[in-house]
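Structure first, commentary second.
The values are calculated or read from the model by the stated rules, or taken from the named source; none is laboratory data. Computed from a predicted model, the values in this text were never measured in an experiment. Cβ placement follows ideal geometry from the backbone for every residue including glycine, while neighbour counts extend to all protein chains displayed.
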Amino acid sequence: MKLILTQEVAGLGDAGDAVEVRDGYGRNFLIPQGRAMLWTRGADKQVVAMRRARAVRQVRDLDHAREVKARLESLSISYQARVGTSGRLFGSVTVLDVLEAVRRAGGPELDRHSVVIPAPIKAVGAHQVLVRLHPEAEATLRIEVVPS
């Protein structure tokens, strides 16, 4: 099935890319989620317009992403969690918890899909979290998990 991506899909492409995917992946995931539309010759013209808009936006977004990266990496972020006697958390710290901690620390609003937690955070202490702001700019957050 040939589709045109309407937004970035990890491992597949950026908005405006024409891609070939399996029928079920396109029909059951990409199209219903609004991440892609069916490819037609008429839609091919939209691809050109999307690429032009993306090229203009990327230059501006890269500068903005670098500003946001500097701002994020300068933050002191802590998250209070319920902890057992051995120092292990009840559950783990999720992406939404990280977003809330960044917001409370005075950081910018982030998209939840841009935050990557490399390993589950299940213990008290300092942990690293990756934020993908732009294909060429990634910020590394240091989040301190403390007992509540």
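Can you tell me which residue is surrounded by the most Cβ atoms within 10 Å (Cβ to Cβ) among those in the range 112-124 that are without any contact (Cβ under 8 Å) to a residue 40 or more places away in the chain and in contact with a strand residue (DSSP E or B) (Cβ under 6 Å, 6 or more places away or on another chain)? Give the steps one after another, and end with the answer.
To start, the set of residues in the range 112-124 that are without any contact (Cβ under 8 Å) to a residue 40 or more places away in the chain comprises 112-123.
Filter again for in contact with a strand residue (DSSP E or B) (Cβ under 6 Å, 6 or more places away or on another chain), leaving 114-117, 120-123.
Values: Ser114: 15, Val115: 19, Val116: 13, Ile117: 18, Pro120: 12, Ile121: 22, Lys122: 15, Ala123: 15.
If we take residues in the range 112-124 being without any contact (Cβ under 8 Å) to a residue 40 or more places away in the chain and in contact with a strand residue (DSSP E or B) (Cβ under 6 Å, 6 or more places away or on another chain), then Ile121 is surrounded by the most Cβ atoms within 10 Å (Cβ to Cβ).
Which of the numbered conditions does Tyr25 fail, given that it passes all the others? Conditions: (1) farther than 25 Å from Val129 by Cα; (2) exposed (fewer than 14 other Cβ atoms within 10 Å of the Cβ).
Exception for Tyr25: condition (2).
Those residues that are at pLDDT 90 or above, surrounded by 15 or more Cβ atoms within 10 Å (Cβ to Cβ) and not aliphatic (A, V, I, L, M), I need them from the range 125-134; list them, please.
His127
Any idea which of (1) exposed (fewer than 14 other Cβ atoms within 10 Å of the Cβ); (2) at pLDDT 80 or above; (3) not basic (Lys, Arg) is the one Asp44 doesn't satisfy?
Only one criterion is unmet by Asp44, namely (2).
Please verify whether the range 63-79 includes one or more residues that are over 14 Å from His127 (Cα atoms) and acidic (Asp, Glu).
Scanning the range 63-79 turns up at least one residue that is over 14 Å from His127 (Cα atoms) and acidic (Asp, Glu).
Select from the range 3-24 the residues that are in contact (Cβ under 8 Å) with a residue 12 or more places away in the chain and in a helix (DSSP H, G or I) and list them in ascending order. So that I can check it myself, show each step before the final result.
Initial filter on the range 3-24 (in contact (Cβ under 8 Å) with a residue 12 or more places away in the chain): 3-7, 9, 14-23.
Of everything in the range 3-24, just one residue is in contact (Cβ under 8 Å) with a residue 12 or more places away in the chain and in a helix (DSSP H, G or I), namely Asp23.
Would you pick out the residues in the range 92-111 that are within 18 Å of Ala123 (Cα to Cα) and surrounded by fewer than 12 Cβ atoms within 10 Å (Cβ to Cβ)?
Leu96
Do you know which residues across the range 84-111 are in a helix (DSSP H, G or I) and either touching a Phe, Trp or Tyr at 6+ places or on another chain (Cβ under 8 Å) or over 15 Å from Arg71 (Cα atoms) (or both)?
Kept after step one, since they are in a helix (DSSP H, G or I), are these residues of the range 84-111: 95-104.
Those that are in a helix (DSSP H, G or I) and either touching a Phe, Trp or Tyr at 6+ places or on another chain (Cβ under 8 Å) or over 15 Å from Arg71 (Cα atoms) (or both): Val95, Leu96, Asp97, Val98, Glu100, Ala101.
I want to confirm something. Restricting to the range 59-83 and keeping residues that are assigned to a helix (DSSP H, G or I) and farther than 12 Å from Leu133 by Cβ, which single residue is modelled with the highest pLDDT?
Keep residues of the range 59-83 that are assigned to a helix (DSSP H, G or I), which gives 59-73.
This time we only want the ones that are farther than 12 Å from Leu133 by Cβ, so: 59-60.
Numbers: Val59: 54, Arg60: 65.
Only one residue fits best here, namely Arg60.
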